[in-house]
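Undergrad: Could you have a look at this structure, given as structure tokens, before my questions?
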Amino acid sequence: MAKSEKLGEIQRKNCRVIFFKSPPAEGEEDSYGKVFRKEGFETEFAPTLSFTFCNREKLLQAVIQPESYQGLLLTSKRAVEAVSNCFGDDQSIDDWKKSIAPRWNSKLVCGVGGATVKVAASQLAVQCQLGDSGSADKLASVMLERLRDAGVCPRSSLPFLFPCSSLRLDTLMSKLRDADYDVQDIVSYETEACPSLAAQAGQIADEISAELQREDREASKVGFTVYF
């Protein structure tokens, strides 16, 4: 093995990559972390946001009436969790999966991103007919094409139900409304900065500073910080 290749291998094995994003849920694996670990890097996650569910009763009354809507818009895993949070116990969510989810599955259910589509299927037994588009902008374009092909007329159709964040981007909703399709948005979770973010970022900065002062640079774990 060439000296440069050996040095690169040593650096990867001792290199830490810190992702400033939410860690994966239990039993799941973050796609970015997976790629870096495969290459021999150590990975760590520093959550930047915290979420508080709200308007539970309002959302509950909406999601139990699929017949009142054209479809369901799920733009994040938190939106899926907000719907799931409406049901207080295992029996309630089981009832949802048996009697309500099949009725939603007869509608147009849309998800943004592969993670959202996966969580919608596992937590709610809801199958996203349109999903994994990667962005709300792309999803809106695909939805409008699908609606036109199906002959669903604007204005005369039922609204889409959109559980969303207090800090949502209006891309999807605006595009649908601009095309005269109605959207009922319900703020279902508040998005705020993680309370521990400042302290955690300070600790990481101190650790990096200490690593940079080490004499044995090959043993240093100084790596990368990645922001999303």
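Undergrad: What are the pairs, 6+ residues apart or on separate chains, where a residue within the stretch 73-102 that is on the phi < 0 side of the Ramachandran plot has its Cβ under 7 Å from a residue that is open to solvent by less than 10 Å² (accessible area, probe 1.4 Å) and assigned to a loop (DSSP other than H, G, I, E, B)?
TA: Ala101/Val126
Undergrad: Only one of (1) at pLDDT 90 or above; (2) loosely packed, with under 15 Cβ neighbours inside 10 Å; (3) among the charged types (D, E, K, R) is not met by Asp149, so which one is it?
TA: The number of the failed condition is (1).
Undergrad: So, one more: Determine which single condition Ser141 fails, assuming it passes every other condition in (1) within 19 Å of Leu169 (Cβ to Cβ); (2) surrounded by 14 or more Cβ atoms within 10 Å (Cβ to Cβ).
TA: Result: Ser141 passes all but (2).
Undergrad: Quick one: which of Thr43, Thr52, Thr75, Thr48 is open to solvent by 60 Å² or more (accessible area, probe 1.4 Å), among the β-branched types (Val, Ile, Thr) and at pLDDT below 90?
TA: Exactly one residue qualifies, and that residue is Thr52.
Undergrad: So, in the stretch 18-40, how many residues would count as being of a type in the set (Lys, Arg) and surrounded by 14 or more Cβ atoms within 10 Å (Cβ to Cβ)?
TA: Here the count works out to 2.
Undergrad: Restricting to the stretch 102-122, and then to whatever is more than 18 Å from Ser157 (Cα to Cα) and surrounded by fewer than 17 Cβ atoms within 10 Å (Cβ to Cβ), can you tell me which residue is nearest to the chain's Cα centre (by Cα)?
TA: Filtering the stretch 102-122 for residues that are more than 18 Å from Ser157 (Cα to Cα) and surrounded by fewer than 17 Cβ atoms within 10 Å (Cβ to Cβ), the one nearest to the chain's Cα centre (by Cα) comes out as Gly114.
Undergrad: Right, something else. Out of all the residues in the stretch 159-180, which are surrounded by 16 or more Cβ atoms within 10 Å (Cβ to Cβ) and touching a helix residue (DSSP H, G or I) at 6+ places or on another chain (Cβ under 7 Å)?
TA: Phe160, Leu161, Phe162, Pro163, Cys164, Ser165, Thr171, Leu172, Lys175, Leu176
The values are calculated or read from the model by the stated rules, or taken from the named source; none is laboratory data. What you see is a predicted model; the values in this text were computed from it and never measured. We place every Cβ from the backbone using ideal geometry, glycine too, and count neighbours over all the protein chains shown. These area figures cover heavy atoms from the full protein model, side chains too; ligands, DNA and RNA do not enter into them. Shrake-Rupley method; radii C 1.70, N 1.55, O 1.52, S 1.80 Å.
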